[in-house]
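The values are calculated or read from the model by the stated rules, or taken from the named source; none is laboratory data. All values reported here derive from a predicted model rather than from experimental measurement. Don't worry about glycine lacking a Cβ; one is built from the backbone with ideal geometry, like all the others, and counts go over all protein chains shown.
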Amino acid sequence: MLRAVLVLVALGLAVYTVLDVLRSRDEEIAVLPRTAWVVLCIVLPVLGPVLWLTVGRQRAEGGGGGGGGRPPRGPLGPDDDPTFLRDLRDLDGRPGDGTRT
């Protein structure tokens, strides 16, 4: 039973890393080309994924923060959007920075 669980875990890890390699942008892939990483993860279903996760994938530059290389998010709602607030102020016809006096 334990052997079957270990085989399933290794297979799941290999499938995950192959999909991760295929979805990664070219600038995120280090050391080997994409095709070599896919072959390595399939041929060596434990060592290949471990190598991909440790040395093959470059993380976003600039340290932590969990950004993952994604561009910064925009405003979450209209009250966080400076352009929307400025437009409201302009529609209201009051001069100034939009604060009430």
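State which residue is nearest to the chain's Cα centre (by Cα) when the search covers only segment 29-44 and only residues that are buried (at least 17 other Cβ atoms within 10 Å of the Cβ) and closer than 13 Å to Gln58 by Cβ.
The qualifying residue nearest to the chain's Cα centre (by Cα) is Ile29.
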Examine segment 46-56 for a residue that is part of a loop (DSSP other than H, G, I, E, B), at pLDDT 80 or above and surrounded by 13 or more Cβ atoms within 10 Å (Cβ to Cβ), and state whether such a residue exists. yes
Looking at segment 12-28 only, could you name the residues that are surrounded by 12 or more Cβ atoms within 10 Å (Cβ to Cβ) and not polar (S, T, N, Q)? Gly12, Leu13, Ala14, Val15, Tyr16, Val18, Leu19, Asp20, Val21, Glu28
Taking segment 1-44 only, how many residues are farther than 19 Å from Val55 by Cβ and part of a loop (DSSP other than H, G, I, E, B)? 1
